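Colleague: Right, I'll just put the structure down here and ask away after.
No value in this document is a laboratory result; all are computed from the given coordinates. Please read all numbers here as calculations on a predicted model, not as lab measurements. Neighbour counts run over all protein chains shown; Cβ positions are idealised from the backbone, glycine included.
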Amino acid sequence: MKKSVLLCLAAVLCLSLASGAATVNLGNFEETMDNWVMQNTATGTYSTFGVTNGDSALEVLFPGGWGTIMKLDMKSQMDVLKNMEALSLDLTTRNDNSQIPNWWLQVILIVNSETGGWQDLGNQYGSVPWSPRTDTLTWTIPQSIRDNFVQNGAGGWAELFIVTNSGGGTLWLDNINATIPEPATLSVLGLGVLAVLKRRKA
């Protein structure tokens, strides 16, 4: 009976490790840019519209065409880069007052480093709505990118870029998060249970 209970406990702990994840906030825009820097001719101001976490969001006026609108230096956050499984952000758009006049918008995430180069993770946005709408956009970070940071570091630079491709307009950003695995505590506990079983069997 005790053996079966211990086996079940070990299985639960291992499954918890596999599914467990934590988030690291990379941008909440509570009257601060959280180290994000506006790019090209894009401008950012704090706004009470488009808020999904806290009291303010970032209202971004962005130019037409394909171009970077924001950059975050990640050189000091290597632990995040080595373990980040996904990155998400809350994007609010509307077109009831011609905020995005041509009705189309792409939002693209770039991971750029000296060792890994320019990694375009693609567009995660659909259609521009008439009435205000908030979407959570999520990019999965390929294992190859994480492995590069583990094996080779970042070199001279490591940065994230948010890119828009559109005719220009206004959007609102909030709550940018990196998803990383939970600490290995559960794994250690699971291995401990299995070790007890092995000793008892011996």
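Colleague: Got a sec to turn the phi values of region 77-83 into Karplus ³J(HN,Hα) couplings, 6.51 cos²θ - 1.76 cosθ + 1.60 with θ = phi - 60°, whole Hz, x for Gly and Pro?
Modeller: Once θ is set to phi - 60°, the couplings for region 77-83 become 10, 5, 4, 5, 4, 6, 10 Hz.
Colleague: Return the loop-located trypsin sites (Lys or Arg not before Pro) in region 59-156 (DSSP other than H, G, I, E, B) with at most 15 other Cβ atoms within 10 Å of their own Cβ; answer none if there are none.
Modeller: Taking region 59-156 and a limit of 15 other Cβ atoms within 10 Å, the loop trypsin sites (Lys or Arg not before Pro) found are K75.
Colleague: If packing is taken as the average count of other Cβ atoms within 10 Å, what order do 28-38, 163-173 fall into, highest mean first?
Modeller: 163-173, 28-38
Colleague: Could you derive backbone 3J(HN,Hα) for region 133-143 from the dihedral phi with the Karplus parameters 6.51, -1.76 and 1.60 (θ = phi - 60°), listing whole Hz in sequence and x where the residue is Gly or Pro?
Modeller: 8, 10, 10, 9, 8, 10, 10, 7, 8, x, 4
Colleague: Going highest first, how would you order 110-116, 126-132 by mean Cβ packing within 10 Å?
Modeller: So the peptides 110-116, 126-132, ranked by packing, come out 110-116, 126-132.
Colleague: Taking 0.36 nm per intervening residue step and subtracting the Cα-Cα distance, what contour gain separates W104 from N40 on full extension?
Modeller: Roughly 21.0 nm would be gained on extension.
Colleague: Also, I was wondering about something else. Once the Cα atoms of region 21-181 are picked out, what are the Rg and Dmax in Å?
Modeller: Looking at region 21-181, its Cα Rg and Dmax stand at 15.3, 49 Å.
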